[in-house]
Amino acid sequence: MKLLEPFPINGMTLANRIVLTAMVTRLSGEDGRVNDAIRQRYARHAMGEPGLIVVEATAVHRAKSGPLLRLSEDRFVAGHRALVDAARAAGPSKLALQIIHFLKIARNGWRQTVDQLTPAEIRTVVDDYAAAAARCREAGYDAVELHMAHAYTLSSFLSRLNRRRDAYGGRSLEARLRLPSEVLLAVRRAVGDDFPVGLRFDGEECIKGGYGLNDSRLIALRLAQLGVDYLSLSAGGKFEDAIAVEGEPLYPYTGYSGDRTMPGAQYPDATNAYLAADIRAYLRQQGLATPVIAAGKIGRPELAEGILQRGEADLIGMARPLLADPDLPRKLRLGQPERIVGCVYGNVCKALDERFREVRCVLWPKGARHAPVADPGDRLAPAWPSGGRLRASVRPNGGVALSWEAAEDDVAVYGYTIERALNAGPFVPLTSVTTRHHVDGLALAGNRYRYRIRAYDLGGRRSPASTEAAIVVPAEFLTPAEAERFGPALRIESDSPPGSAR
Ligand SMILES: Cc1cc2nc3c(=O)[nH]c(=O)nc-3n(C[C@H](O)[C@H](O)[C@H](O)COP(=O)(O)O)c2cc1C
Ligand code: SF4
């Protein structure tokens with residue numbers, strides 16, 4: 001499997017092609033220091049063996065911004081060294097640190113924009129990045145990643161909405177690229193040629209008037225020509241379409257562009273992969289071999305493998321899939337893909353980030369601060385005490401409500417995966433929950449659905465399937481004209497009372 005093959009980046013060899021893209025944890029205090037919880041979080045990720053772990057966005061400057069890591073002064077280096085040591089002791093992953101500069105933002109809705117920066121302040125952005133990158137190397141990281149995506153300073157310079165009218169913006173892409181290029185070159189000088197410098201930027205801004213692939217191809221070209229060691233593609237995450245909440249600082253992931261950064265369940269798999277595919281093809285056409293990382297709902301191994309096989313990316317970024325199950329890469333290596341606990345893309349983690357609360361996954365056991373580790377003594381898969389009784393019923397306003405009996409395990413049942421088959425189609429995983437009930441809100445009248453449940457334990461071992469519940473969502477949700485077209489297919493398929501199935 002290509003996904004599990006090693007990959008070299010400027011002297012650093014990743015054991016596989018899975019990259020944990022940066023994910024703010026909100027585990028740091030306002031002091032910006034690495035603490036026990038952060039060390040534990042990254043050690044837990046390293047146990048799962050992704051090729052590269054990109055540690056969360058860490059500020060290069062001194063501005064206050066709630067719980068966010070910093071590397072703005074030498075005094076923060078020791079904490080990062082301890083983080084690196086803890087992760088290295090836990091697993092084989094290489095470690096990069098994402099470094100970020102952001103502008104000021106106030107609770108009353110005011111925010112600083114790039115056109116307000118003086119030449120001296122622009123100089124400081126360059127110096128701060130270079131100094132933080134040097135500290136990153138000193139702390140023992142294997143690489144540094146420059147954050148040029150989303151709502152932050154360098155992304156706002158790259159933006160088509162950059163309103164400066166000097167050498168740093170506005171009318172030409174050349175000018176919009178000037179500061180990002182200066183930062184990249186200053187960082188290169190600070191860390192040397194033999195230290196991998198990656199960079200993350202938006203393949204598309206996803207806002208009205210923002211840039212799309214026509215610009216981002218050229219942005220990638222310039223950054224690759226300047227010698228960046230990899231390009232990690234994200235999308236959106238802008239302030240321009242963020243939804244304002246009175247008294248709260250603007251959160252750049254609340255509008256459509258934010259949806260595109262962390263696509264929820266309503267978006268298709270690999271939502272943004274076309275950006276990486278296009279940009280990679282463009283770079284190759286130009287004779288540039290810079291590795292490209294695709295990300296955004298690429299949590300299923302076969303999906304990731306397809307993207308690599310078709311040459312649409314060199315590496316696969318996963319954030320939420322590795323929050324839900326850090327052991328995904330290790331389970332693949334061990335040939336246990338059926339044990340992976342899949343992210344359900346409900347974005348509870350994103351909501352926690354927005355409120356500056358510790359980022360956890362809704363699928364973890366209640367109260368857990370990190371993903372659970374399977375008990376080595378747990379050798380049995382969960383089982384159904386009464387064969388796995390499953391009930392399904394049609395809800396008054398549409399959708400199918402499911403409930404099922406509790407499974408048992410020698411250590412602990414972790415959750416339940418719901419599988420669904422539509423009409424003559426095969427069973428496919430629908431979602432996972434930690435409760436014993438779920439509503440399938442996407443079930444449509446006139447179609448036959450079959451459901452079954454599998455319980456899983458902390459190691460991801462699955463129980464046999466529960467009993468099947470088959471249900472045809474009845475005609476009462478259709479107009480008479482629609483019902484006529486469906487005709488005799490509309491009947492309840494079970495011995496249960498109308499509207500329900502067992
Ligand atoms: C809670 C949370 C925090 C994030 N923090 C960052 C960050 O610090 N830097 C960054 O570039 N992307 C950040 N992201 C975006 C992810 O790296 C990733 O691009 C996005 O979630 C889509 O990938 P996924 O579908 O694999 O989660 C964050 C995402 C989440 C859910
Ligand atoms: S909280 Fe939801 S979206 Fe976030 S990682 Fe867990 S399952 Fe995925």
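Filtered by the rule that a residue be open to solvent by 20 Å² or more (accessible area, probe 1.4 Å) and on the phi > 0 side of the Ramachandran plot, segment 29-57 gives a lone residue, E49. Counting the residues of segment 270-286 that are open to solvent by 40 Å² or more (accessible area, probe 1.4 Å) and either of a type in the set (K, R) or within 23 Å of L352 (Cα to Cα) (or both) gives 2. Kindly provide the set of residues from segment 449-476 that are over 30 Å from G377 (Cα atoms), at pLDDT 75 or above and surrounded by fewer than 18 Cβ atoms within 10 Å (Cβ to Cβ), ordered by number. Selection gives A470, P474.
If you go through segment 2-59 and keep only what is more than 14 Å from ligand 1 (Cβ to nearest atom), in a strand (DSSP E or B) and β-branched (V, I, T), you end up with I9, T13. Checking the stated criteria, R62 turns out to be away from ligand 1 (no atom under 15 Å from the Cβ), without any contact (Cβ under 8 Å) to a residue 40 or more places away in the chain, outside any strand (DSSP E or B) and not acidic (D, E).
Take the residues in segment 367-401 that are within 16 Å of ligand 1 (Cβ to nearest atom) and over 23 Å from H438 (Cα atoms), then tell me which one is least open to solvent (accessible area, probe 1.4 Å). Result: H370. Take the conditions (1) away from ligand 1 (no atom under 14 Å from the Cβ); (2) in contact with a His (Cβ under 9 Å, 6 or more places away or on another chain); L322 misses just one of them, which is (1). The condition of being of a type in the set (K, R), more than 27 Å from A130 (Cα to Cα), modelled with pLDDT of 95 or more and within 16 Å of ligand 2 (Cβ to nearest atom) does not hold for R284. For segment 73-104, a residue qualifies if it is in contact (Cβ under 8 Å) with a residue 60 or more places away in the chain, out of contact with any helix residue (DSSP H, G or I) (no Cβ under 6 Å at 6 or more places or on another chain) and within 16 Å of ligand 1 (Cβ to nearest atom), and the qualifying residues are H80, A96, Q98. On the basis of being touching a His at 6+ places or on another chain (Cβ under 7 Å), touching a residue at least 40 places away in the same chain (Cβ under 8 Å) and within 15 Å of ligand 1 (Cβ to nearest atom), does P301 make the cut? Spelling it out, it is not the case that P301 is touching a His at 6+ places or on another chain (Cβ under 7 Å), touching a residue at least 40 places away in the same chain (Cβ under 8 Å) and within 15 Å of ligand 1 (Cβ to nearest atom). Considering (1) among the charged types (D, E, K, R); (2) surrounded by 22 or more Cβ atoms within 10 Å (Cβ to Cβ); (3) more than 29 Å from V344 (Cα to Cα), the lone condition that D194 does not fulfil carries the number (2).
Could you tell me how many of the residues in segment 317-366 are away from ligand 2 (no atom under 12 Å from the Cβ), surrounded by 24 or more Cβ atoms within 10 Å (Cβ to Cβ) and not in a helix (DSSP H, G or I)? Result for segment 317-366: 2.
Looking only at segment 423-474, filter to residues that are among the hydrophobic types (A, V, I, L, M, F, W, C) and under 18 Å from A265 (Cα atoms); which one of those is farthest from ligand 2 (Cβ to nearest atom)? Top of the filtered list is L444.
Going through (1) surrounded by 14 or more Cβ atoms within 10 Å (Cβ to Cβ); (2) modelled with pLDDT of 95 or more; (3) of a type in the set (S, T, Y) one by one, T435 falls short only on (1).
For segment 232-252, the criterion of a residue being closer than 24 Å to D194 by Cα, in contact (Cβ under 8 Å) with a residue 60 or more places away in the chain, in contact with an Asp or Glu (Cβ under 7 Å, 6 or more places away or on another chain) and aliphatic (A, V, I, L, M) is satisfied by no position.
The values are calculated or read from the model by the stated rules, or taken from the named source; none is laboratory data. A quick note: this is a predicted structure, and the numbers were derived from the prediction, not measured. For neighbour counting, all protein chains shown are included, and Cβ atoms are generated from backbone atoms with ideal geometry for every residue, glycine included. For accessibility, only protein heavy atoms count, side chains too; no ligands or nucleic acids. Shrake-Rupley method; radii C 1.70, N 1.55, O 1.52, S 1.80 Å.
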